[in-house]
1. Report, by residue number, each residue of segment B:13-59 that is within 14 Å of another protein chain (Cβ to nearest Cβ) and either in contact with a Gly (Cβ under 9 Å, 6 or more places away or on another chain) or of a type in the set (S, T, N, Q) (or both).
2. Just to be sure, is A:E305 open to solvent by 90 Å² or more (accessible area, probe 1.4 Å), modelled with pLDDT under 75 and not in a helix (DSSP H, G or I)?
3. Surrounded by 16 or more Cβ atoms within 10 Å (Cβ to Cβ), touching a Phe, Trp or Tyr at 6+ places or on another chain (Cβ under 6 Å) and modelled with pLDDT of 95 or more: is that true of B:L76 in this structure?
4. B:Y46 - would you say it is among the aromatic types (F, W, Y), open to solvent by 20 Å² or more (accessible area, probe 1.4 Å) and within 29 Å of A:Y107 (Cα to Cα)?
5. Suppose we keep only residues that are out of contact with any strand residue (DSSP E or B) (no Cβ under 8 Å at 6 or more places or on another chain) and at pLDDT below 90 within segment A:224-261. Which one would you say is most open to solvent (accessible area, probe 1.4 Å)?
6. Taking the condition of being over 16 Å from the mean Cα position of the chain (by Cα) and either closer than 19 Å to A:K265 by Cβ or part of a strand (DSSP E or B) (or both), how many residues in segment A:308-323 meet it?
7. Looking at B:K89, is it among the basic types (K, R), in a loop (DSSP other than H, G, I, E, B) and within 16 Å of the chain's Cα centre (by Cα)?
8. Name the single residue that is nearest to the chain's Cα centre (by Cα) among those in segment A:85-129 being within 14 Å of chain B (Cβ to nearest Cβ) and among the aromatic types (F, W, Y).
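The values are calculated or read from the model by the stated rules, or taken from the named source; none is laboratory data. These figures come from a predicted structure and were not determined experimentally. Positions of Cβ are backbone-derived with ideal geometry, glycine not excepted, and every protein chain shown enters the neighbour counts. These accessible areas exclude ligands, DNA and RNA; they are computed on the full protein's heavy atoms, side chains included. Shrake-Rupley method; radii C 1.70, N 1.55, O 1.52, S 1.80 Å.
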Amino acid sequence: MENRKKLDDLILKNKELASKLFVIHQELVFQNEEQEKRAAELLIENKELASKLFAIHQELVFQNEEKEKRAAELLIANKELVFQNEEKAKRAEELIIANNNLEQFAYIASHDLQEPLRTISNYMQVFEEDYLSQLDENAKKYLYEVKAASNRMSVLIKSLLDFSRLGLNLNLIEVDCNQLLKDVISDLQTIIKTSNTVIEVAEMPKLNLYEPEFRQLFQNLIVNAIKYQKKNNQPKIRIRSEKMNNKWKFSITDNGIGIAPVHFKKIFDIFQRIHNNENIYEGKGIGLANCKKIVQMHSGEIWVESVLGKGTTFNFTILNRVL
Amino acid sequence: MKTKAMCIMLVDDDKNDNFFHEREIKKNNIETIVIVEESGTGALKYLKSMIDKKKIEPALIFLDINMPGMNGWEFLEEYNNLPKEIQSKVMIIMLTTSVRPEDIERAESYEFVLDYITKPLTKEKMKDINDKYFK
């Protein structure tokens, strides 16, 4: 009996244990399934991550290739620029040489032309001195015309010579334009007084300039303003300056006869005179060509505004170069 | 009033200029003696033999720059080497077509070059020279 009870107890305990074990087993199975699920999820996530990484990698490779391509393109563009720059420098040098040759040519031509012309003028004078008394009125008139023509030619040649020499031996210095204009006006006292001209000069800057050339520029423009004037009209001239970025603009305004718009460009060309009546407005036709050349030396521009019969304004710009 | 008669030498290869300049010089004083040398070498030869051979001594030389053979500058260099005895008797004035500032400056660098005038020499220019240097 005793044994039987013991056996029953054992069986019972065994059953309990078995059921506990089953529960544990169930639990383990469940956990296992869960872990497998998780593993599968992780696998998917892992794959996604890998594919993302791959895409990023691909993108980086592509970007890198693009950058290398771009760098190579830049390198070519850079070489091209260097080449173009060299070409420009070469071209500039050629232009300087051509320009020098041209100036040299103009100088030699005008210098050598003077020699035979002087001989003509001299013999005209000798002829006049020795034979004038033997000539009739017609012969005297012809002689006079030959003389007048050779004088005109002499003036033209001298102007050409001056024009070709303009800009040789340039020397940049700091100039107080107030003082420069005072000097120019004082040099022109005679013509200013006889014509009763009034000149009003505004505040002027200090600039680095080719001084003698710049002085000639102002002198030419002031003389023009006085010369091209209606009869019995008091010449009034206003000179002003204005800063424009890295340049300075100057303007000279007069109340003279004015210039027709068709002549606005032509007047700056050499030997172009727009007044065919030399007796009234005597000019050599080179003053404004000189002005243009001087302004160009200062990397500027010159232009004219005018109303016929009312007056003229000459404007020009000047680059303030660094000394 | 006439200026004192003197001797002037023209050194210039241009015959026409020499003819004209002599005329102009003589307008001031008809008695002026004008010696014409058409080359620098000829002028130097004259100056070197002037004292020994008792030739007329020019007080003034008008010197052209642009001449074939020896030009005016080369003449001045040679002249500089002449005995001081000769140099002391003569004065030089440049008479040229050139208006180049370089030429004017170069002429001024020679102490025995008195002046620099441009062609043609005229009666008026000659009078100015007389008034300035020979009074």
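1. Passing the criteria: B:D13, B:N16, B:N18.
2. No; evaluated as a whole, the condition is false for this residue.
3. Numbers: surrounded by 16 or more Cβ atoms within 10 Å (Cβ to Cβ): yes; touching a Phe, Trp or Tyr at 6+ places or on another chain (Cβ under 6 Å): yes; modelled with pLDDT of 95 or more: yes.
Yes, satisfied.
4. Working: among the aromatic types (F, W, Y): yes; open to solvent by 20 Å² or more (accessible area, probe 1.4 Å): yes; within 29 Å of A:Y107 (Cα to Cα): no.
Taking the combined requirement at face value, the residue does not satisfy it.
5. Of everything passing the filter in segment A:224-261, A:K231 is most open to solvent (accessible area, probe 1.4 Å).
6. 6
7. yes
8. A:Y107
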